[in-house]
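**Student:** Dumping the structure here so I can ask a few things about it.
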Amino acid sequence: MSEQKSAASKPAQRVIKKYPNRRLYDTDTSTYITLAEVRQLVMEHQNVVVRDAKTGEDLTRSILLQIILEEEAGGAPMFSEAVLANIIRFYGHAMQGFMGAYLEKNVQAFTDFQSKMAEQSQNVTPEMWSQFMNLQSPLLKGMMGNYMEQSQSMLTQMQEQMQKQTEQMLGAFGIKR
């Protein structure tokens, strides 16, 4: 009974406090942890929030960006210089909000696709896997098709929103299309 009580009383978020000396304190385990350990919590799909120990300010995004920076510098970067430059160009651009939402939805769709692939491949033999990867599988084509449709749908929504904003802006200046 006490096990159930302690499991039920666990917070939904894992709170990490960041002190001025840049140390990170895990309030769940009452220990100091490293950035690598925060990364591991994220990898384990734990809901982590990082707060400034003095002000309570939410520093989660900053810490996650720091983890990404370390991963990118680690020798096998995910983002090319061109991608990073294009992301920078979207800051302050009228499409900044749309780009963030587009990337978020696309990454989630890819994550869902990856989960489905993992689920489908649990009891697959090497021969079956080889056949599967030769794109002869209707299942793979269907899942990739769904991913591509979602991506296309998100792009279409972005274009429609951009067109509406342009028309509203032109209308504000008394210009009609």
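**Student:** Pick out, from Pro20, Thr60, Ala94, the residue whose Cα sits farthest towards the positive end of the charge dipole of the range 1-119, with +1 on the Cβ of Lys and Arg and -1 on the Cβ of Asp and Glu.
**Tutor:** Farthest towards the positive pole: Pro20.
**Student:** Report the net charge of residues surrounding Ile87, where surrounding means a beta-carbon distance below 14 angstrom and charges are Lys +1, Arg +1, Asp -1, Glu -1.
**Tutor:** -2
**Student:** In nanometres, what is the gap between the two model label sites at Ala94 and Ser30, each 7 Å from Cα along Cα-to-Cβ?
**Tutor:** With each label point 7 Å from Cα toward Cβ, the separation is 5.7 nm.
**Student:** Now for a separate question. Give, as ranges by residue number, the residues of the range 32-47 whose backbone N falls under 14 Å from the point 7 Å along Cα→Cβ of Arg61.
**Tutor:** none
**Student:** Mind putting a number on the dipole of the range 1-112 about its Cα centre? Charges go on the C-beta only, +1 for Lys and Arg and -1 for Asp and Glu, and I need it in Debye to the nearest 20.
**Tutor:** In total the dipole reaches around 400 debye.
**Student:** Still on this model: Measuring with a 1.4 Å probe in the full set of protein chains, what accessible area per residue, in whole Å², belongs to the range 12-123?
**Tutor:** With all protein chains present, the range 12-123 gives 73 Å² per residue.
**Student:** Quick one: which residues, 5+ away or cross-chain, put their amide H under 5 Å from the amide H of Val48? H built at 1.01 Å from N.
**Tutor:** When sequence neighbours closer than 5 places are left aside, the close amide H contacts are Arg14.
**Student:** Classify the range 9-78 as rounded, prolate or oblate from the Cα gyration tensor: take a ≥ b ≥ c as the square roots of its eigenvalues, call it rounded if a/c is under 1.5, otherwise prolate when a/b beats b/c and oblate if not.
**Tutor:** prolate
**Student:** What aspartates and glutamates does Lys105 reach when the alpha-carbon gap must be under 19 Å and sequence neighbours fewer than 8 apart in one chain are set aside?
**Tutor:** Glu149, Glu160
**Student:** Grab the beta carbon distance between Leu69 and Ala118, set R0 = 22 Å, and tell me the FRET efficiency rounded to 0.05.
**Tutor:** 0.20
**Student:** Now a separate question. Give me the accessible area of Glu119, 1.4 Å probe, in Å² rounded to the nearest 10.
**Tutor:** 130 Å²
The values are calculated or read from the model by the stated rules, or taken from the named source; none is laboratory data. Note that the structure is predicted; figures quoted are calculated from it, not measured. Don't worry about glycine lacking a Cβ; one is built from the backbone with ideal geometry, like all the others, and counts go over all protein chains shown. To get the accessible areas, we keep the full protein, side chains included, count just its heavy atoms, and leave off ligands, DNA and RNA. Shrake-Rupley method; radii C 1.70, N 1.55, O 1.52, S 1.80 Å.
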